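As structure tokens, the structure follows; a few thoughts come after it.
The values are calculated or read from the model by the stated rules, or taken from the named source; none is laboratory data. Here the structure is a predicted model, which means the values were calculated and not measured. When we count neighbours, we look across all protein chains shown, and the Cβ atoms used for this are built from the backbone with ideal geometry, even at glycine.
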Amino acid sequence: MRFGLAALVMLLLVSGCGGDAPEPDGAQAVQPPIGFERAAAAGPDEVRLIAHGARLARVLGCQGCHGADLTGHIWEDDPDFAVLYTSNLTRVLPGYSDAALERAIRLGVRADGSPLWAMPSEIFTHLAAEDMTALTAYLRTLPPAGEDHPRIAIGPAGRAAIERGELRPTPEYVAENRALGPLALDGGHDQARYMTRATCAECHSIDLTGEVATPDNDSPPPDLIVVGAYTRGQFHHLLRTGEPVGERELELMAEVSRGRFAHFTDGEVDAIYDYLIARAGVER
């Protein structure tokens, strides 16, 4: 996720603020021939599709910003900088066609063509068609609930940050990251590369090399070469609980693991571990 100012000025689906940005070339992402595992579920195809989409909503982090019931909530309450709510998806999505919703997720563009801000579409650009279909099917099952939230109100400090170029619209991130991703390796790790690009890359950067320390963050997410220090069992424990080796406390990782990564299948965790170990150059 993009932290700092960008995370505070999230102009979501219902927001009307922000200038026009050039639309990325090509509305359709290049589709990889892989996707997340279809977890076993009983019932007709449509039921299983929706169950898959519900799991993806967890793994991809929809609830992390929009709340457990996806009705949105207050995100920042600083009148000098911004007062904003995350979108109530249950009320916004009925106004989006499936194609418009796909563009919002993949490209960071609203139904009216204006850009989203701080929506991490750059990690979702290459979601497999089947995964996108399942996610959309699940979101369409949500009945309208909660309240419509007001549009963002940006204060003078927030506008100054935009004018300085410290905040950029999502389509710019999509354009510069479209051809990038985790390191390609021989040995059939394509599914793991796909999954880590859509999940781990949100914090650990699009190529999983981590973030650079800044005065505001002296403990940034590391290069995932650190997984080379984990056994398979320890890695499973990390992704289920957020508890790393060494009895350290990783507050953000604990939140992400328990809320999102606990919904990975065991097979997905094994695939990600095998890829990250190979990437780290560690033989096990």
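Go through region 54-99 and count every residue that is hydroxyl-bearing (S, T, Y), at pLDDT below 95 and in contact with a Pro (Cβ under 9 Å, 6 or more places away or on another chain).
Looking only at that region, the number is 1.
Residues that are assigned to a helix (DSSP H, G or I), touching a residue at least 60 places away in the same chain (Cβ under 8 Å) and surrounded by fewer than 18 Cβ atoms within 10 Å (Cβ to Cβ): does region 124-132 have at least one?
yes
May I ask you to say which residue of L208, L224 is at positive phi and not assigned by TED's automatic domain parsing to the domain that holds R38? First the steps, then the outcome.
Details: L224 fails: at positive phi.
Testing whether each residue is at positive phi and not assigned by TED's automatic domain parsing to the domain that holds R38 leaves just L208.
Tally time: how many residues in region 234-276 are closer than 23 Å to R55 by Cβ and either small (G, A, S) or in a loop (DSSP other than H, G, I, E, B) (or both)? Please lay out each step first, then the result.
The initial filter retains those residues of region 234-276 that are closer than 23 Å to R55 by Cβ, namely 235-243, 252-276.
Now drop any that are not either small (G, A, S) or in a loop (DSSP other than H, G, I, E, B) (or both), which leaves 242-243, 254, 257, 259-260, 262, 264-265, 267, 271.
Final tally of qualifying residues: 11.
Within region 160-183, count every residue that is among the hydrophobic types (A, V, I, L, M, F, W, C), in a loop (DSSP other than H, G, I, E, B) and touching a helix residue (DSSP H, G or I) at 6+ places or on another chain (Cβ under 7 Å).
2
Quick one: would you say A157 is assigned to a helix (DSSP H, G or I), within 26 Å of D77 (Cα to Cα), assigned by TED's automatic domain parsing to the domain that holds L60 and small (G, A, S)? Spell out how you get there, then give the answer.
Numbers: assigned to a helix (DSSP H, G or I): yes; within 26 Å of D77 (Cα to Cα): yes; assigned by TED's automatic domain parsing to the domain that holds L60: yes; small (G, A, S): yes.
Yes: the conditions hold for A157.
On the basis of being without any contact (Cβ under 8 Å) to a residue 12 or more places away in the chain and either more than 28 Å from A51 (Cβ to Cβ) or in a helix (DSSP H, G or I) (or both), does R279 make the cut? Give the steps one after another, and end with the answer.
Numbers: without any contact (Cβ under 8 Å) to a residue 12 or more places away in the chain: no; either more than 28 Å from A51 (Cβ to Cβ) or in a helix (DSSP H, G or I) (or both): yes.
The answer is no for R279.
Tell me, which residue of region 195-218 that is of a type in the set (D, E) and closer than 13 Å to E122 by Cα is surrounded by the most Cβ atoms within 10 Å (Cβ to Cβ)?
Filtering region 195-218 for residues of a type in the set (D, E) gives 202, 207, 211, 216, 218.
So of that shortlist, the ones also closer than 13 Å to E122 by Cα come out as 202, 207.
Numbers: E202: 21, D207: 16.
The residue in question is E202.
Return the only residue of R55, R106, R110 being over 23 Å from I272 (Cβ atoms), in contact (Cβ under 8 Å) with a residue 12 or more places away in the chain and assigned by TED's automatic domain parsing to the domain that holds R159.
R110
Can you find, within region 247-276, the residue that is surrounded by the most Cβ atoms within 10 Å (Cβ to Cβ) among those that are within 22 Å of the chain's Cα centre (by Cα) and without any contact (Cβ under 8 Å) to a residue 12 or more places away in the chain?
Filtering first and then ranking leaves L250.
Counting only residues that are free of Cβ contacts under 8 Å to residues at least 60 places away in the same chain and in a helix (DSSP H, G or I), which one in region 63-92 is surrounded by the fewest Cβ atoms within 10 Å (Cβ to Cβ)?
Among those residues, the one meeting the criterion is T90.
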